[in-house]
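The block underneath contains the structure these notes are about, expressed in structure tokens.
The values are calculated or read from the model by the stated rules, or taken from the named source; none is laboratory data. Model, not experiment: these values are computed from the prediction. No Cβ is skipped: glycine too gets one built from the backbone with ideal geometry, and neighbour counts run over all protein chains shown.
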Amino acid sequence: MPRPTGQSATVNPTYRRSSRIIVSDALPDEAAVIVTSEQTSQPSIAIIGAGMAGIACARYLLDGGFRPIVFEKSRGLGGRLATRRTDHGLAFDHGAQYVTARSPQFRTFVGDAIARGAADYWRPVQRNGADVQSDEWIIGVPGMNSLVKPLAEGIDVRLACQVANIRRHGYRWWVETVDGAVEPIFDILVCTAPAPQAQQLLSAEPAIADALGAVSMAPCWALMLSFAMAVEAPFDVRRSTSDDLAWVVRDASKPHRSSRETWVIHASPDWSRRHLELSAADAVQRMVELLPDAVGMPLPQIDHASAHRWRYALTTSPLGRAYLCSDDRTLFVGGDWALGGRVEYAFESGRAMAEAVAEAALHLPR
Ligand SMILES: Cc1cc2nc3c(=O)[nH]c(=O)nc-3n(C[C@H](O)[C@H](O)[C@H](O)COP(=O)(O)OP(=O)(O)OC[C@H]3O[C@@H](n4cnc5c(N)ncnc54)[C@H](O)[C@@H]3O)c2cc1C
């Protein structure tokens, strides 16, 4: 992993790089003792969110000699880089479908992931028969969330640990989890939740909350289907900017997937907004009704159907810079919504925050 550039990239020789892999679902009171800046001279750093932005930020900080703690509300890594596994051995990439890599740092990361077998290229047949895209499409192996896992090695991630409240204490930060546990005070707090959720958590920081209000994100209903027989569609991917179903994909066309006939369908932002409060069962029914038209033929028998609502899926109006930070440079807020709704932008936001945090750690206010 390349280090952040500039002064912030300097590895403080008093910091000992952890060789532990601490990805646990331990609740805070059962968790390993948290090292705080009272016990060592290290600044203590909390990161909210174990999606690409949070984990990239933590990775760069760890490689720079810091020891951040990541709090993640769900039971797995990856956030919207997600893979749903069923009890019947099916797997669906129901969030991000593929990544593109344009910045040198993200290209390096993706190249390493491909070399390690955690990623591969995907060249699906598209609706018009072409199987090429303007960018290379890269997928995680065996699922999209595999892209985050190698980055998380050695990072102290607290899974199933939702942050309910953040309280400022002078220049420092208390983090309170939903079960009422209050984590030791942190010198620096990084929040990578989707912008509307970050805005709620940070309502006591008016300048940050106001700036977050300018970001907009659209929802997306995702339908996951498997069929008893092959769907004889002449494409693997069909996109539409005007239809109710924006994305119809034979998930099984990705390399290193099972041979089952799995499909993922994303409703358009408009349809998802109009049907946001449907139950998952109703969303399945309504989206399945729309599918034969989108595929252009009757469908074989469905043997699995489920739906997931992404309330904050896609960034429609980004912030326009890599992150926000408080005047005292103890609070950093970023995520894909900062630069645009893509995995690579989440990575860039996380990387930029790590660089800024490392710089801020040299001049912490007291
Ligand atoms: C349906 C869909 C399709 C997409 N398709 C593509 C695509 O094809 N290509 C592409 O590049 N991008 C795609 N994207 C966008 C891509 O998934 C995101 O840009 C990227 O994954 C965002 O990463 P992130 O770390 O910024 O946010 P997230 O992945 O959302 O991570 C934020 C994390 O914070 C956690 N969190 C939030 N609040 C709290 C709290 N209070 N306490 C603790 N943890 C908390 C969340 O659980 C989550 O894990 C798609 C997204 C969706 C939903």
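Report yes if Val248 is of a type in the set (A, V, I, L, M), in contact with a helix residue (DSSP H, G or I) (Cβ under 6 Å, 6 or more places away or on another chain) and assigned by TED's automatic domain parsing to the domain that holds Leu225, otherwise no. Answer is yes for this residue. Residue pairs whose Cβ atoms lie under 8 Å apart, sitting 6 or more positions apart in sequence or on different chains, and linking a residue in region 332-356 that is at positive phi to a partner that is of a type in the set (Val, Ile, Thr) and near the ligand (Cβ under 6 Å from one of its atoms), are Gly335/Thr192.
Remark: pairs (first residue in region 303-322, touching a residue at least 24 places away in the same chain (Cβ under 8 Å) and over 30 Å from Ala230 (Cβ atoms); second residue of a type in the set (Ser, Thr, Tyr) and assigned to a strand (DSSP E or B); Cβ separation under 6 Å; 6+ apart in sequence or on different chains) = Thr316/Ser216; Ser317/Ser216.
The number of residues in region 168-189 being out of contact with any helix residue (DSSP H, G or I) (no Cβ under 7 Å at 6 or more places or on another chain) and in a loop (DSSP other than H, G, I, E, B) comes to 6. Of all the criteria given as (1) touching a Gly at 6+ places or on another chain (Cβ under 7 Å); (2) within 10 Å of the ligand (Cβ to nearest atom); (3) part of a loop (DSSP other than H, G, I, E, B), the one not satisfied by Ala346 is (3). Can Trp122 be described as closer than 30 Å to Val295 by Cβ and more than 9 Å from the ligand (Cβ to nearest atom)? Yes: the conditions hold for Trp122. Annotation note: of Glu277, Glu205, the sole residue that is surrounded by fewer than 17 Cβ atoms within 10 Å (Cβ to Cβ) and either in contact with a Cys (Cβ under 6 Å, 6 or more places away or on another chain) or at pLDDT 95 or above (or both) is Glu277. Only one of Asp336, Asp282 is among the charged types (D, E, K, R) and away from the ligand (no atom under 12 Å from the Cβ). Can you tell me which? It is Asp282.
Can you give me the number of residues within region 81-99 that are assigned to a loop (DSSP other than H, G, I, E, B) and either within 20 Å of Asp120 (Cβ to Cβ) or of a type in the set (A, V, I, L, M, F, W, C) (or both)?
10
Only a single criterion out of (1) under 18 Å from Tyr98 (Cα atoms); (2) in the same structural domain as Pro194 (by TED's automatic domain parsing) is not satisfied by Trp310, namely (2). For region 227-257, the set of residues classified as among the β-branched types (Val, Ile, Thr) and in contact (Cβ under 8 Å) with a residue 40 or more places away in the chain consists of Val231, Val237, Val248, Val249, listed by residue number. Here Asn165 fulfils each of the conditions (1) part of a loop (DSSP other than H, G, I, E, B); (2) in contact with an Asp or Glu (Cβ under 9 Å, 6 or more places away or on another chain) apart from (1). Of the residues making up region 190-205, those that are within 9 Å of the ligand (Cβ to nearest atom) and touching a strand residue (DSSP E or B) at 6+ places or on another chain (Cβ under 8 Å) number 7. Would it be correct to say that Ala280 is touching a Lys or Arg at 6+ places or on another chain (Cβ under 9 Å) and under 19 Å from Phe92 (Cα atoms)? Against the criterion (touching a Lys or Arg at 6+ places or on another chain (Cβ under 9 Å) and under 19 Å from Phe92 (Cα atoms)), Ala280 qualifies.
For every residue, the table says whether it meets (1) under 16 Å from the mean Cα position of the chain (by Cα); (2) over 24 Å from Pro194 (Cβ atoms); (3) assigned by TED's automatic domain parsing to the domain that holds Val264.
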site	(1), (2), (3)
Arg75	yes, no, no
Leu90	no, yes, yes
Pro104	no, yes, no
Arg123	no, yes, no
Pro142	no, yes, no
